[in-house]
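Below: one structure, written as structure tokens.
The values are calculated or read from the model by the stated rules, or taken from the named source; none is laboratory data. Computed from a predicted structure; not experimentally measured. Every residue, glycine as well, gets a Cβ built from its backbone with ideal geometry; the counts of neighbours run over all protein chains shown. We work out accessible area using only protein heavy atoms, side chains counted, and drop any ligands, DNA or RNA first. Shrake-Rupley method; radii C 1.70, N 1.55, O 1.52, S 1.80 Å.
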Amino acid sequence: MGKIKVLSDHLCNQIAAGEVVERPAAVVKELVENSVDAGARRIRVFLEKGGRALVRVVDDGEGMSPEDALLALERHATSKIATAEDLQAIRSLGFRGEALPSIAAVSRLEMITREKEAVSGTRIVVEGGTIRTVEEVGCPAGTSITVRDLFYNVPARRKFLRTVETETAHISDMFLRLALAQPDLYWQLAHHDRTVHDFPKAASLHDRVYHVFGAAVAKSLIPVDFQTEHAAVRGLIGPPELQRANSRSLFLFVNKRPVKDTLLTHAVLTAYDTLLPKGTYPFVVLFVDVPPRLVDVNVHPTKREVRFRDPPLVLDGVRRAMAQGLESAMKASWTRPFYASLESPRPAAAAAAAAESRAGLQGMQPWTVSGPAARPEPVPMPWPNRLPEGSPAGDAPREERPHEPTGPPAFSSLRILGQLACAYILVEAPDGLILIDQHAAHERISYERLMAGFGSAGSQRLAPPVVLDLPPLEADALSRWLPEVQFLGFDIEPFGGGSFVIHAMPSVLKHTDPAALIRRLAETTPAEERTPRVGLMEKLAHTAACHASVRAGQRLNLEEMRQLLKDLDATRLSATCPHGRPLWWKITLDQIQRFFQRT
């Protein structure tokens, strides 16, 4: 008896379902793509329990005859391709003929369909891959497919499904991407009879982005439209200041198909390489249209990945389109007073600050280094905020006991030499030169003040309240954290879909943008994480401290630098910023002398 056996069609369908149907969102994607291919002008999706109990997709497309409806439930039965050559010219979203039988194999499926010219329609019921009912029914033109009890017969798969909120968020995210790809269609999504998304037919991509992401985002986007011999690149891209904390803000499409492609993503991010801080992402809605022969969409069972047959030909067009759009945006920004937005001193104030700095430098006597014997002996300094009791800040501190470790000096007791590149404060230490990153130092100060202030300073009402719109996954995360966020002093109310109204915020955060703060919090935390209260405090303090701190490039006068060093001395940890980066660096006199060969 041989060991190798041919698997039954039923088992093959269940295996295929494992590849195609990962979660309810995959069911929605496959059914909706069939609706688009059927020429639907209106697509409605209904959910129960995040798609676990029910997914229903209703369209007004061309519908199917009874014969085609039955064939559609057979593996590898499709109207999209017929020959091997057709694989090289795929223009439809679906083509494999696997999705419907795979879904039917792991659910209880009902299909009701009617062609426009037909008098009656067809109803087919399938349970776990077995056809139970085929009957003639009266129904509207188009197709309605209902999927109940997903994975009811595959318990091992069902237990890996996430919470209702998380599965709904994944469906909503997929729905948004499909709606962006087809702005000329009417899209509706409902969960338990509650409308989640309602996007009427839009006249343009910009109008669809307005409906999905709101006026503030749509107004800031830059149109791109670039044509090469091998690709047409069009879409809307965000200016550098429209930053997001994860790559979910990249909406990339190839021939109107939402894709995740490493090379395409890299080409987009390269355009922003010098414009965005590390760890942040731009907001991009980009369509790449290429001849079907130049792209292979038959790479992944879910068709979410593509492979370009000659990547440089396509990606060069993407880079040039992005560069052209960003360059035009930068030129537009140069037409207004750019430095006015940086809150830098007015010319008179800047001149006064420069004169004060020069006067301070002129009054300082440089060390005279004529050899090792002439070098001042280094004086060990106490740790910040631990000045010897009874010693005024300006007095020379005493030495610590020899067996105690020496550490960084009390910064405010050191002589300030000036500011380097409007980014670093230079101070003279007894045994060398210290450079202090002004942004990192102020960020540490702000962070510790914020952490100490949570829960003790009360809340501040916002007039008017601030409306925040979040994508589905971030909205789901914020919804789960609302009790913890409320405890910290926020008053946030769900407003339907991905919208929230912020009525109040902690008083310690009053100088920050509440919407930007909450958005950043939702973007930077993994979707599945149930963050404890302390974790939320830290995340909020991190974000608020970074936004509120003195920036590199901001000129500080001598008094501002002194105050910054005094505040730094009062912190608990003055070696690093809240992100763990060092905030000061010392060049010892020994290092300087060795460089000048004076040792």
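Within region 128-137, does at least one residue satisfy the condition of being of a type in the set (A, V, I, L, M) and part of a helix (DSSP H, G or I)? No, that holds for no residue. Candidates in region 136-165 are the residues that are in contact with a helix residue (DSSP H, G or I) (Cβ under 6 Å, 6 or more places away or on another chain) and closer than 30 Å to Tyr210 by Cβ; of these, the one that is least open to solvent (accessible area, probe 1.4 Å) is Val164.
The residues of region 138-167 that are touching a residue at least 24 places away in the same chain (Cβ under 8 Å) and assigned to a loop (DSSP other than H, G, I, E, B), listed by number, are Cys139, Pro140, Ala141, Asp149, Leu150, Phe151, Tyr152, Asn153, Val154, Leu161, Arg162, Thr163.
Looking only at region 505-530, which residues are over 11 Å from the mean Cα position of the chain (by Cα) and modelled with pLDDT of 85 or more? Met505, Pro506, Ser507, Asp513, Pro514, Ala515, Ala516, Leu517, Ile518 - these are the residues of region 505-530 that are over 11 Å from the mean Cα position of the chain (by Cα) and modelled with pLDDT of 85 or more.
Among the residues making up region 100-129, those that are surrounded by fewer than 17 Cβ atoms within 10 Å (Cβ to Cβ) and touching a residue at least 24 places away in the same chain (Cβ under 8 Å) are Lys116, Ala118.
Looking only at residues in region 273-292 that are closer than 25 Å to Gln227 by Cβ and modelled with pLDDT under 85, the one that is surrounded by the fewest Cβ atoms within 10 Å (Cβ to Cβ) is Asp273. For region 46-62, a residue qualifies if it is of a type in the set (D, E, K, R) and more than 27 Å from the chain's Cα centre (by Cα), and the qualifying residues are Glu48, Arg56, Asp59, Asp60, Glu62. Out of the residues in region 251-269 meeting the condition of being surrounded by 20 or more Cβ atoms within 10 Å (Cβ to Cβ), at pLDDT 90 or above and in a loop (DSSP other than H, G, I, E, B), tell me which one is farthest from the chain's Cα centre (by Cα). Filtering region 251-269 for residues that are surrounded by 20 or more Cβ atoms within 10 Å (Cβ to Cβ), at pLDDT 90 or above and in a loop (DSSP other than H, G, I, E, B), the one farthest from the chain's Cα centre (by Cα) comes out as Asn255.
Among the residues of region 270-295, those identified as among the β-branched types (Val, Ile, Thr) and either without any contact (Cβ under 8 Å) to a residue 12 or more places away in the chain or part of a strand (DSSP E or B) (or both) are Thr274, Val284, Val285, Val288, Val295.
The set of residues from region 199-234 being within 27 Å of Pro292 (Cβ to Cβ), open to solvent by less than 70 Å² (accessible area, probe 1.4 Å) and not in a helix (DSSP H, G or I) comprises Ala202, Ser204, Val224, Phe226, Thr228, His230, Ala231, Ala232, Val233.
Results for (1) at pLDDT below 95; (2) under 22 Å from Gly50 (Cβ atoms), shown as yes or no for each residue.
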position: Val106; (1), (2): yes, yes
position: Glu115; (1), (2): no, no
position: Glu127; (1), (2): no, yes
position: Cys139; (1), (2): no, no
position: Pro155; (1), (2): yes, yes
position: Arg158; (1), (2): yes, yes
position: His191; (1), (2): no, yes
position: Val196; (1), (2): yes, yes
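In region 458-493, how many are assigned to a loop (DSSP other than H, G, I, E, B) and open to solvent by 40 Å² or more (accessible area, probe 1.4 Å)? Qualifying residue count, region 458-493: 1. Here Trp187 passes the criteria (1) open to solvent by 20 Å² or more (accessible area, probe 1.4 Å); (2) in a strand (DSSP E or B); (3) of a type outside the set (S, T, N, Q) except the one numbered (1).
Yes or no, residue by residue, for (1) at pLDDT below 50; (2) not hydroxyl-bearing (Ser, Thr, Tyr):
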residue	(1), (2)
Pro397	yes, yes
Arg401	yes, yes
Gly407	yes, yes
Ala410	no, yes
Ser413	no, no
Gly418	no, yes
Cys422	no, yes
Ile425	no, yes
Ile436	no, yes
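Inspection of region 43-56 finds no residue satisfying the criterion of being touching a Ser or Thr at 6+ places or on another chain (Cβ under 7 Å), at pLDDT below 95 and open to solvent by 10 Å² or more (accessible area, probe 1.4 Å).
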